[in-house]
Every structure is written in structure tokens, then in C-alpha cells.
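Colleague: Have a look at the structure that comes next, please.
The values are calculated or read from the model by the stated rules, or taken from the named source; none is laboratory data. Since the model is a prediction, treat every value here as computed from it, not as a measurement. Backbone-built Cβ (ideal geometry, glycine too); neighbour counts: all protein chains shown. These area figures cover heavy atoms from the full protein model, side chains too; ligands, DNA and RNA do not enter into them. Shrake-Rupley method; radii C 1.70, N 1.55, O 1.52, S 1.80 Å.
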2 protein chains.
Amino acid sequence: MPVMPKKSYHHGDLKNSLVKAGIGILAREGVSGLTLRKVARKSGVSHAAPYAHFSDKQALIAAISTEGFKRLYEAMDSAIEPYADRPLEQLIAGAWAYVQFGLNDPDHFKVTFSGVLEKEKDYPAFVEISRRTFDRVVSMVEACQRANILRGGPPEVLAVNIWGQLHGLVSLLIEGQISHKVLDKYSTKEIFVTALSQFTLVPVPTDILSI
Amino acid sequence: MPVMPKKSYHHGDLKNSLVKAGIGILAREGVSGLTLRKVARKSGVSHAAPYAHFSDKQALIAAISTEGFKRLYEAMDSAIEPYADRPLEQLIAGAWAYVQFGLNDPDHFKVTFSGVLEKEKDYPAFVEISRRTFDRVVSMVEACQRANILRGGPPEVLAVNIWGQLHGLVSLLIEGQISHKVLDKYSTKEIFVTALSQFTLVPVPTDILSI
DNA sequence: ACCTGAACACCGTTCAAGT
DNA sequence: ACCTGAACACCGTTCAAGT
């Protein structure tokens, strides 16, 4: 009995398949479950095959992180889109999209932002999407400042602060560091609205926030 | 030639030594360099010896995290001490101690707060020091509210927000996510003072912040 | 150009055995 | 009670060889 040729020797789009497989494993087994060998197995190739496309595990993680950042950028973009010329609404919707991304896929968020990728500076695609996202936030902040919705001061600093506020709360929530005493009494939404209100000079419209 | 008895068969205080060794490795080689076998080697015992004191690697990580949290608590306590009955100064000094802890030993900070420890709820000592620290912050916030230094509202929510703000900024700084365009123009100190100013109803006294 | 299979060094964990 | 040494399954990485 001759061996059946299993489809074909070449995979077709292995590089892409590896990234997708990695994201899947991340969602189901977490950061510690993400191994190169599992990713290869899931893509139906030998454990050495990934090295044809990624120089090492960090390079695959860089690709997964970059994809995470891109998804985040897209999510923020779609969330903002309905609110042309309404900077406050844009800010809130964008912020909420960031939060949702973190809470919906905490391990992808972690890989993208929490130092699993060790030398992000070595990966130009990651640096690029990071820069683009930040620039977008800065221009939203500037629009808010012009509309007297945010205080004055250097917009980059304000953008970093707002980003930091959201990032910190999402991180603490994901890691389960926020005590149940607090979470039983106040919803995630309340906590974030209170946080954003520290920055804005006008009340935060809560009707935008889905869920 | 008979074998020299190498000191003694028993280590003496292996449990403690393993935690210290782990913290050392963390500082020099980062999270990915922290292995049980290295920790054992550094303590001069076989690679199976740690299992007499810790059920698995996560249990050692829990001990390292708990020690990190204790050091943080102590650091905040000493920073606050000089400012009895001056809630604003206490808040600033405590916040700055948190930031310093993160920037001085980023990998210990990461292990303590960024999900390297996977089920912190299983480790009562960790949960306990976490609770104590948070309670301390809440009571500082309450004192600030009474002195009209912070806005009203549920103190736990405000405490979570302030903690989240600091935590987010420290995390982004550690991970190198804050662009050089910003860091070249504004110091860490400036960024944190601006951040804290969003919360306070009075100007933030910067003379407290060492460095 | 893309992939396989064997090999190597390293890791976490277990367990029978030694002191 | 505390530690060792051998063993096992798994991992990242390399490399000669196959298609």
C-alpha cells in the first residue's frame, strides 16, 4: 500500500497560517501555552518548518503582536468613524474600543503590550503600527483641546496620560488585581467613565459605551 | 582520596535562598531567564531540591511576587512616613515610590503585577499583601477627600483609578512603548506630575520627588 | 525556495533512593 | 525532614538532506 501524498509538500501560506495558529493558541491556552512546536503542529508542518519564515520564536511573537496592534487600530478606527467632528465622542468610543480589545482577548493584549516581545524596537512593522496608533490618539487629543473638552498643555503628554490610564486599568483588571469588594459594587464601565472624567472638562456621554 | 563533605548535606534555609536567588536572576536575566534549575544551581542544590519547598515553579514565582509586593509596601510606607497629617504629600510620595519600584527593578515589577503568576488567588500570602496595600491607598484617598485635595465619589473607585494611572504609565515606560519623541521632550517626572494633577484639586508639590 | 528528521542542550516534574 | 540522581516528556534551535 503506497503512502497517500498528504495534499502537497508545500503549505501555501505557512507564514500567515503560523500567525493565525499562534493567536488561536494564545486565546485558548494563554501566553505560557504558546510554543513554536504547537504552532507548527497546528499548521500541519514539522517543528522546524517555522524557521523558514521566522528567525526565532521572538520573531513569530513580533508578528502576532503586530497583528494584535493592527486589530486594535482597526477596532478603534471603526469605533471612532460614526462621530466625525465630535471629538469627545471619538475619544470615548476610541478608549472603549481599547478596553474591549483587552478584555475580550486578554492574552493577545498581553503579548502585544506586556513585554512578552522582548526587543520590539527590532521589529519595524511593530514600531510603525505603534507610532501610527499613538499619532491618532494625539490628534484626537488636540481636537478635544480645541473644543475645550480637554485641558491645555502638551498634547503628547496628555495622550500618554490617557493611554496610561486606560492601559493600567485594563492590565489590573486582566490580572485580577482589582479586589472583588470593588468589582461587586462598581461595573467596569463605571470605573472607566470615572477615570475618563478626570481628564475631561465636560461630562462623559455614557450612551456610546456598548455593554 | 575520600570525598570532602561539602559543608553539609542540609542547606539550612533553602526556601529563603531560592527566593533570593530568583530575584537576583530576574534582575540580571529578566523573566525569560528565570528557571527553576538555575535557581537551584545558584543555591547550590540539585535541580530537584526546590520541590521539597515549592510544589512547582508557579509556587516559587508566587513567593517572589509576594516578596516584591512586600518590598513595595515597605517602600511606600517609608516614603509616606515623613508626612504625617499631610495627605497630599503622602499621596505624591507614595505614588512616586510605586513608580520608582517599577523603574528600578522592572522584571521584579513585571513578575509581581503582569500575569507571570497565573493564579494569584491560590496564594493567600500574595492576596493578603495585595489587600493591605490597596486598603492603605484607599485610606490615603479618603484623607485627601476630607482635606479637599481630591474630588468626592467612592474612594475605592478613585483609588483604583489613581493606581491604574500610575500602573499604566510605569508599564508603558518599562515596555518601551512610549515614543522617544515624547521622552526626549518631557521627563518621567513631568509626565507623572501631569498625570497626578488630573486627580488633585490643588497643585502637586514637586519638591518631594527625588531624582 | 520550502520543508523534514535527527540531533543537541535545556527545561519542569516525578520518584525511588540516600542521609 | 530534606536532598540527590536518573528518568521522562517537552521545548527552542540547528543542520544536513530531501522535494
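Listed here are the residues, each with its yes/no results for (1) without any contact (Cβ under 8 Å) to a residue 12 or more places away in the chain; (2) touching a strand residue (DSSP E or B) at 6+ places or on another chain (Cβ under 8 Å); (3) over 30 Å from A:Gln58 (Cβ atoms); (4) near DNA strand C (Cβ under 8 Å from one of its atoms).
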site	(1), (2), (3), (4)
B:Lys57	no, no, no, yes
B:Glu67	no, no, no, no
B:Lys70	no, no, yes, no
B:Tyr73	no, no, yes, no
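Colleague: Of the conditions (1) within 16 Å of DNA strand D (Cβ to nearest atom); (2) touching a residue at least 24 places away in the same chain (Cβ under 8 Å), A:Ser32 fails just one. Which one is it?
Modeller: Looking at each condition in turn, A:Ser32 falls short on (2).
Colleague: Okay, moving on. Among the residues of the stretch B:131-157, which ones are under 29 Å from A:Ser32 (Cα atoms) and open to solvent by less than 20 Å² (accessible area, probe 1.4 Å)?
Modeller: B:Thr133
Colleague: Out of A:Leu60, A:Leu72, A:Leu88, A:Leu36, report the one residue that is in contact with a Pro (Cβ under 8 Å, 6 or more places away or on another chain) and within 20 Å of A:Val127 (Cα to Cα).
Modeller: Every option except A:Leu60 fails the conditions.
Colleague: Of the conditions (1) crowded, with 18+ Cβ neighbours inside 10 Å; (2) touching a Phe, Trp or Tyr at 6+ places or on another chain (Cβ under 9 Å); (3) not assigned by TED's automatic domain parsing to the domain that holds B:Thr133, B:Ala59 satisfies every one except a single condition; which number is it?
Modeller: (1)
Colleague: OK, next. Which of the residues belonging to the stretch A:31-55 are within 14 Å of DNA strand C (Cβ to nearest atom) and closer than 22 Å to B:Leu117 by Cβ?
Modeller: A:Ser32, A:Gly33, A:Thr35
Colleague: Any chance the stretch B:111-131 includes a residue that's more than 23 Å from A:Gly30 (Cα to Cα) and at the interface with chain A (Cβ under 9 Å from one of its Cβ atoms)?
Modeller: Checked the stretch B:111-131: at least one residue is more than 23 Å from A:Gly30 (Cα to Cα) and at the interface with chain A (Cβ under 9 Å from one of its Cβ atoms).
Colleague: Something else now. Check whether at least one residue in the stretch B:170-177 is more than 20 Å from the chain's Cα centre (by Cα), open to solvent by 30 Å² or more (accessible area, probe 1.4 Å) and in the same structural domain as B:Val111 (by TED's automatic domain parsing), and report yes or no.
Modeller: no
Colleague: Does B:Gly24 satisfy the condition of being in a helix (DSSP H, G or I), touching a Phe, Trp or Tyr at 6+ places or on another chain (Cβ under 9 Å) and either without any contact (Cβ under 8 Å) to a residue 24 or more places away in the chain or more than 16 Å from DNA strand C (Cβ to nearest atom) (or both)? Reasoning before the result, please.
Modeller: On the way: in a helix (DSSP H, G or I): yes; touching a Phe, Trp or Tyr at 6+ places or on another chain (Cβ under 9 Å): no; either without any contact (Cβ under 8 Å) to a residue 24 or more places away in the chain or more than 16 Å from DNA strand C (Cβ to nearest atom) (or both): yes.
Taking the combined requirement at face value, the residue does not satisfy it.
For every residue, the table says whether it meets (1) more than 7 Å from chain A (Cβ to nearest Cβ); (2) over 14 Å from A:Glu156 (Cβ atoms); (3) acidic (Asp, Glu).
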{"position": "B:Leu150", "(1), (2), (3)": "yes, yes, no"}
{"position": "B:Glu156", "(1), (2), (3)": "no, yes, yes"}
{"position": "B:Ile162", "(1), (2), (3)": "yes, yes, no"}
{"position": "B:Ser171", "(1), (2), (3)": "no, yes, no"}
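Colleague: Please name all residue pairs, on different chains or six or more residues apart, with Cβ atoms under 8 Å, provided the first residue is in the stretch B:185-200 and is without any contact (Cβ under 8 Å) to a residue 24 or more places away in the chain and the second residue is surrounded by fewer than 16 Cβ atoms within 10 Å (Cβ to Cβ).
Modeller: B:Lys189/B:Thr206; B:Lys189/B:Ile211; B:Val193/B:Thr206; B:Thr194/A:Gly153; B:Ser197/B:Pro203
Colleague: Another one. Could you name every one of the helices (runs of 4 or more DSSP H) located completely within the stretch B:34-138 that has at least 1 residues being within 19 Å of B:Asp207 (Cα to Cα)?
Modeller: Details: elements: B:36-42, B:57-80, B:87-104, B:106-113.
It comes to B:57-80, B:87-104.
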